[in-house]
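To start, the structure under review is shown below, and the notes come after it.
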Amino acid sequence: MTAVYIARCADYDRDSLQAAVQETVDGLGGLAGLIRPGWRVLLKPNLLRPAAPEQGVSTHPELVRAVAQLVLDAGATPVIADSPGGPHNRAYLAVLYRQSGMHEVARELGIDCNDDMRTTSVSNLDGDLLKGVEMLAVAAEADAIINLPKLKTHSFTLLSGAVKNLFGVIPGMGKTAYHAKLQTAHEFSRMLVDLALVCKPVITIMDGVLGMEGNGPSAGDVRRVGVILGSTDDLALDVVAAALVGMDPQQVPPLAVATARGLTTGRLEDVELRGLPLEQARLDPPFRLPTAATARRGPSILGAISRVWPGQVTKPYPVANADCTACRTCVRACPVKAITIENGRARMATNLCIQCYCCHELCPYHAIDLQLHWLGRLLTRSTGGNHGQSRH
Ligand code: SF4
Ligand code: SF4
């Protein structure tokens with residue numbers, strides 16, 4: 001039975017965070033059996049877009065620092081790397097590492113933030129859907145990967161957990177091609193599960209000190225959860241993370257896919273929980289879900305319709321609001337070229353939009369609302385739901 005460790009950690013104070021990370025790693029048997037002296041170990045935080053740590057978008061730099069220190073203590077060489085959902089170039093990465101606090105961590109510890117832009121083709125013939133993948137060379141060539149996700153909701157995959165975090169090894173805009181090709185959460189999750197099996201992180205340590213609820217992974221609301229989670233099994237960790245924030249693990253598409261493939265049972269009862277009892281860590285009230293998820297699965301007439309008639313009426317569309325600065329980030333991110341700038345504001349063509357929400361994820365100004373079609377709004381109102389519009 002796979003173990004998941006939960007450690008209480010109220011804030012990002014350096015000493016308490018180091019103690020919680022140490023407790024988590026020790027509670028799982030330590031790093032010594034997972035990495036060897038001399039290895040190059042990739043630390044993979046969630047660095048979705050340039051954002052300051054207090055915005056709750058990225059894995060906190062103090063968690064990355066604590067893990068990096070443990071890797072150094074084990075005689076290995078940590079390197080911090082991610083590829084955000086924007087351009088794949090050194091200038092953008094430099095902004096990302098600086099704003100997220102990674103640059104400072106690396107400078108203080110004398111380690112590197114990756115700026116090797118090479119990519120490598122990795123064959124994956126046993127994959128369910130992904131038979132080969134073009135990924136960051138630093139990830140493909142690392143002796144081990146340590147996965148450092150952030151506990152957040154996700155408008156497309158419901159949970160932005162351990163499995164979803166590994167999508168960051170796909171370089172920059174290469175991600176948009178997957179969104180264009182795999183347009184349902186189920187198909188997309190088949191790819192994510194394949195990718196997680198390719199990456200095989202030796203351990204996952206999740207930043208659940210400050211999480212994000214609502215319209216995550218970028219435009220939701222920061223919420224204090226106060227925990228660090230750890231496991232050598234990223235699927236088991238996501239099962240526990242989902243349960244902790246009040247989600248049914250089987251409603252999280254990557255977990256449903258992995259369960260169908262027999263990679264996990266997806267059941268909490270099959271995970272060995274260590275550390276803080278789950279009942280003491282569980283959120284009450286649970287995370288507010290993303291607008292897109294509540295529209296898909298809500299208890300209203302709309303939810304019922306969406307289960308049999310997924311599409312334009314029942315899923316919200318992105319709409320730019322008055323905060324739009326016409327920065328064009330969303331234009332570049334859209335996998336199907338559905339966004340233009342008109343009269344100084346982004347305009348999303350609903351006839352082209354595949355509702356992947358990449359634009360919503362990457363907009364640096366929270367200038368994209370998710371709005372239901374008028375019929376969906378009508379149905380929601382008539383059933384007392386609350387799915388009409390959400391900005392954060
Ligand atoms: S919606 Fe956001 S990302 Fe798109 S152009 Fe406006 S400010 Fe930029
Ligand atoms: S407009 Fe936004 S949600 Fe629609 S396809 Fe483009 S990026 Fe995805």
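Bear in mind these aren't lab numbers, they're just calculated from the coordinates by the rules spelled out. Treat the numbers as computed from the prediction; the structure is a model and nothing was measured. Note that each Cβ is placed from the backbone with ideal geometry, even for glycine, and that neighbours are counted across all protein chains shown.
Computed quantities for the displayed model
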read-out: Counted charge near Ala243, where neighbours are those whose Cβ lies closer than 10 Å (Asp, Glu -1; Lys, Arg +1); value: 0
read-out: Value at 222 nm in deg cm²/dmol, rounded to 500, when DSSP H runs of n ≥ 4 in the chain each add -39,500 (n - 2.57); value: -9500 deg cm²/dmol
read-out: Candidates Val67, Val95, Val25, ranked by Gaussian network fluctuation over the chain, Cα under 10 Å, top entry; value: Val95
read-out: Cysteines, the chain, no other Cys beta-carbon under 4.7 Å; value: Cys9, Cys113, Cys199, Cys324, Cys327, Cys334, Cys353, Cys356, Cys358, Cys363
read-out: Percent RCO, i.e. relative contact order, over the chain, from Cα pairs under 8 Å lying at least 6 residues apart; value: 17
read-out: Positive-end residue, the chain charge dipole about Cα centroid, Cβ charges, pick of Ile146, Gly262, Val202; value: Gly262
read-out: For Ile203, Ile145, order by how many other beta-carbon atoms lie within 10 Å, fewest first; value: Ile145, Ile203
read-out: Ranked list, fewest to most other Cβ atoms within 10 Å of each Cβ, for Met102, Met348; value: Met348, Met102
read-out: Cβ-placed point charges (K, R +1; D, E -1), dipole of region 1-57 about Cα centre in debye, nearest 20; value: 400
read-out: Debye, to nearest 20: dipole size of the chain, +1 on Lys, Arg Cβ, -1 on Asp, Glu Cβ; value: 1480
read-out: Between 0 and 90°, nearest 10: helix 185-199 axis offset from the chain longest Cα axis; value: 10
read-out: Farthest positive-ward along the chain dipole, Cα basis, beta-carbon charges - from Gly230, Cys327, Ser58; value: Cys327
